[in-house]
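The values are calculated or read from the model by the stated rules, or taken from the named source; none is laboratory data. Small disclaimer: the values here were computed from a predicted structure and weren't measured. We place every Cβ from the backbone using ideal geometry, glycine too, and count neighbours over all the protein chains shown.
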Amino acid sequence: MDRDAIGVFDSGMGGLTAVKVLNQILPHENIIYFGDTARIPYGTRSRQTIQRYTKEDIAFLRRHPVKMIIAACGTVSSMLGADSPVDDMPFTGVVYPAARAACAATQNGRVGIIGTPATVASGSYETAIHNVDPRVDVTAMACPLFVHLVEYGYTKRNDPITRLAAEEYLAPIRSAGVDTLILGCTHYPIIADTIGDIMGDGVRLISASEEAAKFTKQTLEEHDLLTDSTEQGHNVYYVSDSVSMFRDNARHFLEDAVNGQVFSSRI
Ligand code: DGL
(Lines give C-alpha, C1' and ligand atoms only; values in the text may rest on other atoms or scores of the structure.)
Protein backbone atom coordinates (compact mmCIF):
# COMPACT_ATOMS: atom_id res chain seq x y z
CA MET A 1 0.00 0.00 0.00
CA ASP A 2 1.24 3.45 -0.79
CA ARG A 3 -0.28 6.90 -0.21
CA ASP A 4 1.95 8.67 -2.74
CA ALA A 5 0.17 10.16 -5.73
CA ILE A 6 -0.30 8.88 -9.26
CA GLY A 7 1.68 11.19 -11.57
CA VAL A 8 -0.02 12.02 -14.85
CA PHE A 9 1.36 14.19 -17.63
CA ASP A 10 0.35 15.38 -21.05
CA SER A 11 1.31 18.04 -23.55
CA GLY A 12 -1.58 20.11 -22.20
CA MET A 13 -5.16 19.34 -21.38
CA GLY A 14 -5.80 16.02 -23.11
CA GLY A 15 -4.56 13.99 -20.16
CA LEU A 16 -7.51 15.31 -18.17
CA THR A 17 -9.66 12.73 -19.96
CA ALA A 18 -7.55 10.09 -18.17
CA VAL A 19 -7.73 11.97 -14.85
CA LYS A 20 -11.51 11.99 -15.10
CA VAL A 21 -11.62 8.20 -15.39
CA LEU A 22 -8.96 7.75 -12.67
CA ASN A 23 -11.08 9.82 -10.29
CA GLN A 24 -14.05 7.57 -11.05
CA ILE A 25 -12.33 4.21 -10.68
CA LEU A 26 -9.74 5.12 -8.01
CA PRO A 27 -11.56 7.76 -5.94
CA HIS A 28 -9.20 7.55 -2.94
CA GLU A 29 -5.99 8.10 -4.88
CA ASN A 30 -4.20 11.45 -5.02
CA ILE A 31 -3.20 12.68 -8.47
CA ILE A 32 -0.45 15.08 -9.47
CA TYR A 33 -0.94 16.30 -13.03
CA PHE A 34 1.49 18.15 -15.23
CA GLY A 35 0.20 19.77 -18.42
CA ASP A 36 2.83 21.34 -20.67
CA THR A 37 0.40 24.01 -21.83
CA ALA A 38 3.18 26.38 -22.87
CA ARG A 39 4.50 23.91 -25.46
CA ILE A 40 1.36 22.17 -26.74
CA PRO A 41 0.99 20.77 -29.39
CA TYR A 42 3.53 17.96 -29.32
CA GLY A 43 1.80 16.04 -32.10
CA THR A 44 3.18 18.14 -34.95
CA ARG A 45 6.79 18.20 -33.65
CA SER A 46 9.80 16.01 -34.41
CA ARG A 47 10.56 12.80 -32.53
CA GLN A 48 13.69 14.37 -30.97
CA THR A 49 11.78 17.36 -29.64
CA ILE A 50 8.94 15.22 -28.25
CA GLN A 51 11.47 12.93 -26.54
CA ARG A 52 13.27 15.90 -24.97
CA TYR A 53 9.98 17.38 -23.70
CA THR A 54 8.98 13.96 -22.36
CA LYS A 55 12.19 13.65 -20.32
CA GLU A 56 11.58 17.08 -18.83
CA ASP A 57 7.93 16.30 -18.03
CA ILE A 58 8.88 13.06 -16.27
CA ALA A 59 11.69 14.79 -14.35
CA PHE A 60 9.16 17.40 -13.20
CA LEU A 61 6.75 14.75 -11.88
CA ARG A 62 9.58 12.89 -10.16
CA ARG A 63 10.27 15.94 -8.03
CA HIS A 64 6.93 15.12 -6.36
CA PRO A 65 5.99 12.07 -4.30
CA VAL A 66 4.60 9.78 -7.03
CA LYS A 67 4.33 5.99 -7.07
CA MET A 68 3.45 5.49 -10.74
CA ILE A 69 3.62 7.69 -13.84
CA ILE A 70 1.17 7.79 -16.74
CA ALA A 71 2.04 9.43 -20.04
CA ALA A 72 -1.57 10.41 -20.77
CA CYS A 73 -0.68 11.57 -24.25
CA GLY A 74 -0.91 9.49 -27.41
CA THR A 75 1.99 11.35 -28.99
CA VAL A 76 4.39 10.93 -26.07
CA SER A 77 3.42 7.28 -25.66
CA SER A 78 4.08 6.68 -29.35
CA MET A 79 7.61 8.09 -29.17
CA LEU A 80 8.46 5.94 -26.16
CA GLY A 81 7.79 2.58 -27.77
CA ALA A 82 7.80 -0.42 -25.44
CA ASP A 83 10.62 0.85 -23.20
CA SER A 84 9.78 2.38 -19.85
CA PRO A 85 11.56 5.69 -19.22
CA VAL A 86 11.62 5.01 -15.46
CA ASP A 87 13.05 1.93 -13.77
CA ASP A 88 12.08 2.43 -10.13
CA MET A 89 8.30 2.64 -10.35
CA PRO A 90 5.54 1.43 -12.67
CA PHE A 91 4.91 3.46 -15.81
CA THR A 92 2.38 3.31 -18.60
CA GLY A 93 1.61 5.17 -21.76
CA VAL A 94 -1.75 4.94 -23.53
CA VAL A 95 -0.77 2.84 -26.56
CA TYR A 96 -0.42 -0.63 -25.12
CA PRO A 97 -3.59 -0.48 -22.95
CA ALA A 98 -5.63 0.72 -25.94
CA ALA A 99 -4.13 -1.88 -28.29
CA ARG A 100 -4.90 -4.65 -25.84
CA ALA A 101 -8.51 -3.47 -25.47
CA ALA A 102 -8.97 -3.15 -29.24
CA CYS A 103 -7.69 -6.69 -29.87
CA ALA A 104 -10.11 -7.99 -27.25
CA ALA A 105 -13.02 -5.99 -28.72
CA THR A 106 -12.72 -6.66 -32.45
CA GLN A 107 -14.88 -9.40 -33.90
CA ASN A 108 -13.93 -9.02 -37.55
CA GLY A 109 -10.20 -8.45 -36.99
CA ARG A 110 -10.22 -4.92 -38.45
CA VAL A 111 -9.21 -2.05 -36.20
CA GLY A 112 -8.96 1.67 -37.01
CA ILE A 113 -6.64 4.13 -35.30
CA ILE A 114 -6.84 7.91 -35.25
CA GLY A 115 -4.21 10.14 -33.68
CA THR A 116 -1.91 13.10 -34.18
CA PRO A 117 0.46 13.18 -37.19
CA ALA A 118 3.42 12.14 -34.99
CA THR A 119 1.46 9.23 -33.50
CA VAL A 120 0.28 7.89 -36.84
CA ALA A 121 3.70 8.35 -38.50
CA SER A 122 5.31 6.36 -35.66
CA GLY A 123 3.20 3.24 -36.33
CA SER A 124 3.11 2.74 -32.54
CA TYR A 125 -0.44 1.42 -32.31
CA GLU A 126 0.08 -1.00 -35.24
CA THR A 127 3.19 -2.37 -33.53
CA ALA A 128 1.42 -2.75 -30.20
CA ILE A 129 -1.63 -4.38 -31.82
CA HIS A 130 0.51 -6.80 -33.81
CA ASN A 131 2.42 -7.73 -30.67
CA VAL A 132 -0.89 -8.73 -29.13
CA ASP A 133 -2.43 -10.27 -32.26
CA PRO A 134 -0.52 -10.31 -35.57
CA ARG A 135 -3.67 -11.20 -37.54
CA VAL A 136 -5.44 -7.90 -36.88
CA ASP A 137 -5.73 -5.63 -39.91
CA VAL A 138 -5.04 -1.98 -39.04
CA THR A 139 -6.03 1.26 -40.80
CA ALA A 140 -4.61 4.48 -39.33
CA MET A 141 -5.40 8.10 -40.05
CA ALA A 142 -3.88 11.31 -38.70
CA CYS A 143 -6.46 13.92 -37.71
CA PRO A 144 -4.42 17.09 -37.14
CA LEU A 145 -7.40 19.46 -36.83
CA PHE A 146 -9.10 17.56 -34.01
CA VAL A 147 -6.79 18.85 -31.25
CA HIS A 148 -7.46 22.45 -32.28
CA LEU A 149 -11.21 21.91 -32.64
CA VAL A 150 -11.36 20.49 -29.12
CA GLU A 151 -9.09 23.20 -27.65
CA TYR A 152 -11.30 25.90 -29.18
CA GLY A 153 -14.50 24.30 -27.92
CA TYR A 154 -16.06 22.91 -31.13
CA THR A 155 -17.10 19.93 -29.09
CA LYS A 156 -20.91 19.77 -29.18
CA ARG A 157 -22.31 16.60 -30.69
CA ASN A 158 -22.33 17.06 -34.45
CA ASP A 159 -20.91 20.57 -34.35
CA PRO A 160 -20.90 21.36 -38.11
CA ILE A 161 -17.19 22.21 -38.34
CA THR A 162 -16.05 19.19 -36.36
CA ARG A 163 -18.47 16.96 -38.27
CA LEU A 164 -17.07 18.13 -41.62
CA ALA A 165 -13.47 17.48 -40.54
CA ALA A 166 -14.39 14.13 -39.02
CA GLU A 167 -16.24 12.94 -42.13
CA GLU A 168 -13.14 13.71 -44.21
CA TYR A 169 -10.69 12.04 -41.80
CA LEU A 170 -12.82 9.00 -41.07
CA ALA A 171 -13.77 8.15 -44.69
CA PRO A 172 -10.82 5.74 -45.27
CA ILE A 173 -11.40 4.08 -41.91
CA ARG A 174 -15.08 3.55 -42.71
CA SER A 175 -14.16 2.14 -46.13
CA ALA A 176 -11.82 -0.35 -44.43
CA GLY A 177 -14.82 -1.88 -42.62
CA VAL A 178 -13.38 -1.68 -39.12
CA ASP A 179 -15.58 -2.74 -36.19
CA THR A 180 -13.30 -1.10 -33.59
CA LEU A 181 -11.74 2.36 -33.59
CA ILE A 182 -9.02 3.52 -31.19
CA LEU A 183 -9.24 7.18 -30.21
CA GLY A 184 -5.45 7.32 -30.01
CA CYS A 185 -5.11 10.88 -28.80
CA THR A 186 -6.28 11.99 -25.39
CA HIS A 187 -8.21 14.93 -26.86
CA TYR A 188 -10.48 12.76 -28.97
CA PRO A 189 -12.82 11.32 -26.30
CA ILE A 190 -14.24 14.85 -26.03
CA ILE A 191 -15.68 14.53 -29.56
CA ALA A 192 -16.48 10.82 -29.30
CA ASP A 193 -20.21 11.45 -29.90
CA THR A 194 -19.57 13.01 -33.30
CA ILE A 195 -17.00 10.36 -34.22
CA GLY A 196 -19.39 7.62 -33.09
CA ASP A 197 -22.27 9.05 -35.13
CA ILE A 198 -20.12 9.01 -38.28
CA MET A 199 -18.72 5.53 -37.66
CA GLY A 200 -22.15 4.07 -36.85
CA ASP A 201 -23.50 1.81 -34.14
CA GLY A 202 -21.58 -1.26 -35.27
CA VAL A 203 -18.21 0.30 -34.45
CA ARG A 204 -16.86 0.17 -30.92
CA LEU A 205 -14.83 3.21 -29.85
CA ILE A 206 -11.84 2.56 -27.59
CA SER A 207 -10.65 5.56 -25.60
CA ALA A 208 -6.88 5.37 -25.07
CA SER A 209 -7.30 7.60 -21.98
CA GLU A 210 -9.87 5.33 -20.40
CA GLU A 211 -7.87 2.18 -21.14
CA ALA A 212 -4.72 3.75 -19.64
CA ALA A 213 -6.67 4.60 -16.48
CA LYS A 214 -8.01 1.02 -16.21
CA PHE A 215 -4.53 -0.37 -16.86
CA THR A 216 -3.16 1.86 -14.08
CA LYS A 217 -5.66 0.46 -11.62
CA GLN A 218 -4.68 -3.08 -12.57
CA THR A 219 -0.95 -2.24 -12.30
CA LEU A 220 -1.32 -0.65 -8.85
CA GLU A 221 -3.26 -3.70 -7.67
CA GLU A 222 -0.60 -6.05 -9.02
CA HIS A 223 2.20 -4.10 -7.31
CA ASP A 224 0.21 -3.68 -4.08
CA LEU A 225 0.47 0.08 -4.48
CA LEU A 226 -3.16 1.12 -4.00
CA THR A 227 -3.71 3.59 -1.19
CA ASP A 228 -5.29 2.38 2.03
CA SER A 229 -6.93 5.79 2.54
CA THR A 230 -10.71 5.79 2.61
CA GLU A 231 -10.96 9.54 2.09
CA GLN A 232 -11.59 11.27 -1.20
CA GLY A 233 -8.27 11.73 -3.02
CA HIS A 234 -6.96 15.18 -4.05
CA ASN A 235 -5.91 16.36 -7.48
CA VAL A 236 -3.13 18.93 -7.81
CA TYR A 237 -2.42 20.39 -11.24
CA TYR A 238 0.73 22.05 -12.54
CA VAL A 239 0.84 23.78 -15.90
CA SER A 240 3.68 25.47 -17.75
CA ASP A 241 1.47 28.35 -18.96
CA SER A 242 -1.33 30.41 -17.42
CA VAL A 243 -3.46 28.98 -14.62
CA SER A 244 -6.58 30.88 -15.68
CA MET A 245 -6.35 29.61 -19.28
CA PHE A 246 -6.01 26.09 -17.94
CA ARG A 247 -9.05 26.51 -15.69
CA ASP A 248 -11.15 27.88 -18.57
CA ASN A 249 -10.12 25.18 -21.05
CA ALA A 250 -10.23 22.31 -18.60
CA ARG A 251 -14.03 22.54 -18.54
CA HIS A 252 -14.16 21.00 -22.03
CA PHE A 253 -12.21 18.02 -20.76
CA LEU A 254 -13.66 17.46 -17.32
CA GLU A 255 -17.21 18.64 -18.17
CA ASP A 256 -16.94 20.35 -14.81
CA ALA A 257 -14.82 22.92 -12.99
CA VAL A 258 -11.26 21.87 -12.11
CA ASN A 259 -11.41 19.83 -8.91
CA GLY A 260 -8.15 20.81 -7.23
CA GLN A 261 -5.47 23.45 -6.88
CA VAL A 262 -3.71 24.65 -10.02
CA PHE A 263 -0.17 26.09 -10.05
CA SER A 264 1.87 27.55 -12.83
CA SER A 265 5.35 26.08 -12.83
CA ARG A 266 8.49 26.14 -14.92
CA ILE A 267 9.86 22.75 -15.73
N1 DGL B 1 -2.14 15.07 -26.05
C2 DGL B 1 -1.78 14.85 -27.44
C3 DGL B 1 -2.03 13.37 -27.78
O4 DGL B 1 -2.71 12.66 -27.08
C5 DGL B 1 -2.54 15.75 -28.36
C6 DGL B 1 -2.10 17.19 -28.29
C7 DGL B 1 -0.73 17.44 -28.86
O8 DGL B 1 -0.54 17.34 -30.08
O9 DGL B 1 0.14 17.75 -28.06
O10 DGL B 1 -1.53 12.91 -28.78
The helices (runs of 4 or more DSSP H) lying entirely within region 122-220 that contain at least 3 residues which are under 15 Å from the mean Cα position of the chain (by Cα) are 144-151
Within region 225-267, restricting to residues that are hydroxyl-bearing (Ser, Thr, Tyr) and in a loop (DSSP other than H, G, I, E, B), the one that is surrounded by the fewest Cβ atoms within 10 Å (Cβ to Cβ) is THR230
Within region 1-21, residues being over 12 Å from MET68 (Cα atoms) and either in a strand (DSSP E or B) or within 16 Å of the ligand (Cβ to nearest atom) (or both) number 12
Note: among VAL138, VAL132, VAL120, just one is surrounded by fewer than 19 Cβ atoms within 10 Å (Cβ to Cβ) and more than 30 Å from PHE263 (Cβ to Cβ), namely VAL132
Here the qualifying pairs (Cβ atoms under 8 Å; residues six or more apart or on different chains; first in region 64-83 and acidic (Asp, Glu); second part of a loop (DSSP other than H, G, I, E, B)) come out as none
Margin query: Given the criteria surrounded by 23 or more Cβ atoms within 10 Å (Cβ to Cβ), hydrophobic (A, V, I, L, M, F, W, C) and modelled with pLDDT of 95 or more, does ALA38 qualify?
Written below: no
Filtering region 50-72 down to residues that are within 14 Å of the ligand (Cβ to nearest atom) and either small (Gly, Ala, Ser) or in contact with a Gly (Cβ under 6 Å, 6 or more places away or on another chain) (or both) yields ALA71, ALA72
*With respect to GLN24, determine if the residue is more than 9 Å from the ligand (Cβ to nearest atom), outside any loop (DSSP other than H, G, I, E, B), under 19 Å from CYS185 (Cα atoms) and over 14 Å from the mean Cα position of the chain (by Cα).*
no
Scanning region 176-199 residue by residue, the ones that are touching a residue at least 12 places away in the same chain (Cβ under 8 Å) and more than 16 Å from the ligand (Cβ to nearest atom) total 10
- Has region 150-158 got at least one residue that is closer than 27 Å to GLN51 by Cβ and modelled with pLDDT of 95 or more? no
Note on ALA38: of the conditions (1) small (Gly, Ala, Ser); (2) over 17 Å from the mean Cα position of the chain (by Cα); (3) more than 16 Å from the ligand (Cβ to nearest atom); (4) farther than 30 Å from SER229 by Cα, unmet is (3)
Of (1) among the charged types (D, E, K, R); (2) within 14 Å of the ligand (Cβ to nearest atom); (3) surrounded by 20 or more Cβ atoms within 10 Å (Cβ to Cβ), GLU29 satisfies every one except (2)
